[in-house]
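Scroll down for the structure; my scribbles are underneath it.
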């Protein structure tokens, strides 16, 4: 296990508190927790790609960064329509 | 262990520390708008530090370029998403 994989594991461990907030908080709190979890997961994918020495894996992180934004924005728009 | 490896390790530790502060802020925040500050901060500093670590390690390869692209994507799109979420939170408060 190298430093990159350790970094990825530490970042993914940060998703657990986000899940706890999403479960226990309001829906707006859950949305904020989802945004932070998306960011952490994207960064973990970058660290995993470097940790496994596979440059092609970086494409997954690029796509996750873009689609994570779109997915979260869908939730924001959906909740705005409830106002 | 050369200076390059030390620099990479320092950048990685700093990025994890910044991400941990953001997660702790998410847990400690009282309202969603307070928590949003930490979620927004996580789109700025940790991606830049990880991209810097990859660039230091790979020195101009495609992996470094991809890491910088990811950091810029997360930074720019994250700022837009944080703004949209803040507008939603303000609308719910009014």
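Counting the residues of region A:67-83 that are under 17 Å from residue A:39 (Cβ atoms), free of Cβ contacts under 8 Å to residues at least 24 places away in the same chain and more than 7 Å from chain B (Cβ to nearest Cβ) gives 3. For region B:1-43, taking the residues that are more than 10 Å from chain A (Cβ to nearest Cβ) and touching a residue at least 24 places away in the same chain (Cβ under 8 Å), the one that is nearest to residue A:14 (Cα to Cα) is identified as B:18.
When you go through B:85, B:43 one by one, which is the residue that is surrounded by 14 or more Cβ atoms within 10 Å (Cβ to Cβ) and not in a helix (DSSP H, G or I)? On inspection, the qualifying residue turns out to be B:43. Residues in region B:1-39 that are outside any helix (DSSP H, G or I) and in contact with a helix residue (DSSP H, G or I) (Cβ under 7 Å, 6 or more places away or on another chain): B:29 only. The sole residue among B:86, B:63 that is more than 7 Å from chain A (Cβ to nearest Cβ) and farther than 18 Å from residue A:67 by Cβ is B:86.
Filter region A:21-39 down to residues that are part of a helix (DSSP H, G or I) and without any contact (Cβ under 8 Å) to a residue 40 or more places away in the chain, then give me how many there are.
13
Quick note: the coordinates plus some simple rules give every number you see, no bench work behind them. For clarity, every value in this text was computed on a predicted model and none was experimentally measured. Positions of Cβ are backbone-derived with ideal geometry, glycine not excepted, and every protein chain shown enters the neighbour counts.
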